[in-house]
1. How big is D for the chain, in µm² s⁻¹ as a whole number, if Stokes-Einstein is applied with the Kirkwood radius of its Cα pairs at 10 °C and 1.306 mPa s?
2. Grab the beta carbon distance between GLU176 and GLN94, set R0 = 35 Å, and tell me the FRET efficiency rounded to 0.05.
3. Which of the GluC sites (Glu not before Pro) across the range 268-343 are loop residues per DSSP, with 11 or fewer other Cβ within 10 Å?
4. Indicate, rounded to the nearest 5 percent, the antiparallel portion of the DSSP beta bridges found entirely in the chain.
5. Build a GNM of the chain with springs between Cα atoms under 10 Å: which of LEU307, LEU261, LEU348 gets the top mean-square fluctuation?
6. Using alpha carbon centroids, what distance separates the range 88-153 and the range 258-280, in Å?
7. Please get the size of the charge dipole for the range 172-274, origin at its Cα centre, with Cβ charges of +1 on Lys and Arg and -1 on Asp and Glu, quoted in debye to the nearest 20.
8. Might you report the magnitude of the Cβ-based charge dipole of the chain about its Cα centre, with Lys and Arg at +1 and Asp and Glu at -1, to the nearest 20 debye?
Amino acid sequence: MTIETSARSLRVAVVGGGPGGLATAIALSKIPNVEVKIYEQASLLREVGAGISIGQNTWNVLELLGVADTLTSGHVIDATLNLNGKTGEEIHRQVKTVSVKRPQIRAQRTKLQSALLAHVPPRVIELSKKLTRVVDKGKEGIELHFKDGTSATADLVVGADGIRSMVRDAAWPDYEIKYTGTTIWRALLPWEDVVKQDPRFATTAWWHGPTTHVWLSPVGEGLGEIAARSWQDPAVHSADKVSWGVPVGNAYVQSHFEEYLPGIREVISWVKEGDWREFAAFAGPELSKLTAWDDKVVLVGDSSHALSGAFGSGAGFAMEDGWVLAQALRYYRNDVHRALPLFDRIRLPYYARMYAHLGEQAAQRAARLERLGDSASYDDRVRVKIITDGGKDMSWIYGNNIGKVWDEAIDALQLE
Ligand SMILES: Cc1cc2nc3c(=O)[nH]c(=O)nc-3n(C[C@H](O)[C@H](O)[C@H](O)COP(=O)(O)OP(=O)(O)OC[C@H]3O[C@@H](n4cnc5c(N)ncnc54)[C@H](O)[C@@H]3O)c2cc1C
């Protein structure tokens, strides 16, 4: 069926106002005959979490969205380090190119969010709209029901509602996410005193134990970020792990990093009581399609690939999804039955490659640990943990140019 583009606009409901939802709405608002609304559960748009990395791939999509010049705050990353958190041994150093127009930065999450928000047209976002139910009404579209008792109807629902997506639960009822065993605690701190404590803290770095790490990085404007992680066997600890952005006490966080260098423990103790937020990492399997309900539902961002922050570029992936979706709708003049398969065709293989990469990496690490045996020392286990990517070319992630990917997909389509 071809949508009668002149008859009426395509009503698109974007569920979720994270990076994926905001980028989708920005890109869709530039397409003729599309009426877009974002329904966000929060009463105030406020990013939880601390910092976010913006690499070349993310800059590329921000440029296409027209947002790149609005994001002016952040710390330019000139190198990243991997060190042993107990001995301070530097195990790996990656020097970054900074003499480019848009070098990699670590920014406060709120800065990315406000840059995106500045480009969302007025009256597009509806706050305090927690989606509780979606109903497929066939040719009449989809009904969305919210916790406040209101409802809305749309021709296309974009599930940009994150890793615990309600839209995905409705359209893919068998999909399940599971606790990975990783818990993350994040906070921001004034960074000047942190660097006085140890000048190495001025460089973005992971400080590792065998099953933990502490990430320390400046994020610009005098602030820095601590993101500390600990892994426990999910088979034992999964039941109580549902937290996402929940406040936790300082002593509790410190208790996971007692063997670390005194300087690191000191910095952890400086986080103001009440400022730590805990995030339990969940992940889910690969989907074989990102669209459902006869092309009336599509997933973008974390809802479509529950990778739990792997690659540290999920906001970039989410925004790429939103931009590609809008281009596909523009290309097929809002005919969802042609646009959504094109979206799948471009984005599915990309996510399949990510799942395959992570599978390979986990297998490599397990094999190396097995070779080391049970008697391996702390330091050896730390070294094994830091398999960076063994010299593998990761430019398909960090150098991804989604504009070029789109052009190539259209060229290929036209040759068929
Ligand atoms: C520890 C950690 C570190 C990370 N570091 C990076 C990094 O450095 N760089 C990077 O690019 N990515 C990073 N990521 C990943 C990144 O945060 C996510 O991939 C990104 O936020 C996904 O965006 P999204 O819009 O898909 O979902 P989200 O950001 O999760 O947004 C979903 C939105 O939907 C709303 N919502 C949920 N349910 C409902 C409902 N029922 N009704 C209405 N609204 C709803 C939520 O309130 C939220 O606003 C990291 C992730 C983690 C966990």
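Please treat every number below as a calculation from the coordinates, not as lab data. In this text, all values refer to a predicted model and were calculated from it rather than measured experimentally. All Cβ positions, glycine included, derive from the backbone under ideal geometry; neighbour counts span all protein chains shown.
1. 71 µm²/s
2. 0.50
3. Loop-located and lightly packed - GLU273.
4. 70 percent
5. In the Gaussian network model the winner is LEU261.
6. That distance is 28 Å.
7. Result for the range 172-274 is approximately 60 debye, rounded to the nearest 20.
8. Around 400 debye, computed over the chain.
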